[in-house]
1. How much net charge surrounds A:Ser214 when only the other residues with a Cβ under 13 Å from the Cβ of A:Ser214 are counted, with Lys and Arg +1 and Asp and Glu -1?
2. So for the stretch A:80-248, taking the charge dipole from beta-carbon charges (+1 Lys/Arg, -1 Asp/Glu), which of A:Phe98, A:Thr196, A:Ser179 sits furthest toward the positive end?
3. Can you order the peptides B:28-41, B:9-22 by their average number of other Cβ atoms within 10 Å per residue, highest first?
4. Give me the net charge of B:Leu31's neighbourhood, meaning all other residues with Cβ under 13 Å from the Cβ of B:Leu31; Lys, Arg count +1, Asp, Glu -1.
5. Mind jotting down the distance between the C-alpha centroids of the stretch A:149-209 and the stretch B:120-182, whole Å?
6. Using a 10 Å cut-off on Cβ atoms, rank the peptides B:67-74, A:105-112 from the highest mean neighbour count down.
7. If Lys and Arg each add +1 and Asp and Glu each add -1, what is the summed charge of the other residues whose beta carbon sits under 11 Å from the beta carbon of A:Thr306?
8. Which value, in debye to the nearest 20, describes the size of the charge dipole of the stretch A:108-183 about its Cα centre when Lys and Arg Cβ atoms bear +1, Asp and Glu Cβ atoms bear -1, and nothing else is charged?
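Any read-out appearing in this document is the output of simple, stated calculations on the displayed coordinates, not a laboratory observation. Model, not experiment: these values are computed from the prediction. Methodologically, a virtual Cβ is constructed for each residue, glycine included, from the backbone with ideal geometry; neighbour enumeration extends over all protein chains shown.
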Amino acid sequence: MNESQLNKRLREEVEQLAPNRLEELLAACDAPPAPRKDGRVISFGQKPKRSHWQRFVAIAAMLILIIGIGAFAGVKGMSRTVLTFDVNPSVSVMVNGFNRVCRVKNNNADAAVLLADEDLMGKPLSEAVETLTEEFIEAGYVTDASNGILVTVQDASDSRAKKLQEMVLSSVETAAENSSLHLAVLYQKIDDDQSTIGTLSAGKSALVQTLAKSSKDLDEDELKNLSIQDLLYVMDILSAKPASAQLTGVVSRANYQNSDVIAALAAQACPADVSTDSVTTVLDCFDRGLAYVANVVTDNAEYAYTVSATSGQILEAVVTPTTSPEETSEPTPATTPTTPDPTVPADPAPVPSGEPEQTPAAEPTPTPAEEIDNPLSPEDFYGKIKDFADALDRIF
Amino acid sequence: MDEAMTHLTPDEERILKIANGDRDALSTMYLQHKGAVFGFALSMLHDRERAEDVMQETFIQLWNSAASYIPRGKEPLSWLLGITKNLALRRLRTDSLSVSIPEEHSDPADPLDHYLAVENKLILRAVLTKLSEEEQQIVLLHAVSGLKHREIADLLEMPLSTVLNKYRRALQKLKKLLGESI
């Protein structure tokens, strides 16, 4: 076999082996060619045919990708976390694993009114939080003096709660900066099965329960009626922050009288000559509001003044004689009038002046000599004892 | 260059027609040169399926880039095989992690070797299994594509003398191997 014959034979073998895929080629060429640019074609216009194993790998990879994306999306989509924002309006938003709002629930009428024209559904959490905060501010629920927002997260792992916290705080901060406000955000994570008190949100209920456990003077029934700002103030005063919560910012005390002012008010109201130092104050609740109970003990009586923590108004005064029942002619637990004291300024740090109306001084304590001159009958003595016991009940 | 002043070869005329969307011209080019393109791709890739892919891609690119061809009055097969070479090299780069290209395919378990044996392509089998890669390319380009040695040298970017020496050495190997079989 010479060279020519060998080449001819080789050519024939290759030609036989080369497949005829003309139809496939023409079909591929049906796609319009890519436009020319500077005399060069920059793409093939259509993806060329792949070999069998490449097709298999490509299909397998695509299936894995689809299943992976599906599983990822499913897990993310199924992952739901509830964030509740309490100011006075209480709004709960459920976010999916992609941090988009998938449900909004107004927990009270104020929230329904506030968000009547807002649609948070489908929004990224950060955007929704910013919108909510702006609404709180515009409606006056959040101000410099009342700057507390309670944010509660449920159904989240610790790490996810932490990530959401950063997102929430950043958004709140953005909205606050736009209004030049300094807000205090208490971010707490609570159990999924957190019990609720009445119609309160789970987050507010949890905070109320925590504060009630931290104080022997405050119970759930009293605390549940307080505003979020009041609760945050109580938390701040009692240093009773929930273990699973983080406070960002400083809770404003602008709306509250401090204990020194309360003591001064009580000392001035007391008929006896007492100094402010002798007045003890205890944070309490009165008539659905936050109040201080200021106690003054003298030789003859114990005076308990209930003073509004916000206005400084003396809401109630109870006087209990400290003399023995036998010496007491008229036990005089007395209640102060409900009319506001005009001398008490609304200023956060008022200087008390003048006398509260109907102070216990109007009923002087009888002297032992008077009691000797007027011996009690057994019935009167029994009545005095009963009155004294009633007075003790009111105090304790 | 002005087409009116250039003597066009038949294939050049077809390429100009392809540039104008003539599918018949493309079909003619395909049927006429698919063996040369396939053989060259096979010599570079050593894999029939990948060589088929590159062959198809070559003609798709011809269809898409025919307008960029500058007629020179010479056979455009070298230009077409240049496309094949670039596509094959690109395929080798993308498949480099999974495909190795041995110098000689003496392993009887090799899929290509087995296929060629079944198909009774004795000479092609000898070329692809007993010659070096460069020898394979030179032999196939000369025998199947009909390229002159100088064109092969240009296409493979080798000195002409190297191409000639390798071609003669390859022929000697083949004659020795196939002497008794043919």
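1. Overall, the nearby charge balance is -1.
2. Towards the positive end, the residue furthest out is A:Phe98.
3. B:28-41, B:9-22
4. 0
5. That distance is 79 Å.
6. Output ranking for B:67-74, A:105-112: A:105-112, B:67-74.
7. Within the 11 Å Cβ shell, the charges total -3.
8. Working: 4 positive and 15 negative charges, 75 e Å.
Taking the Cα centre of the stretch A:108-183 as origin, the dipole is about 360 debye.
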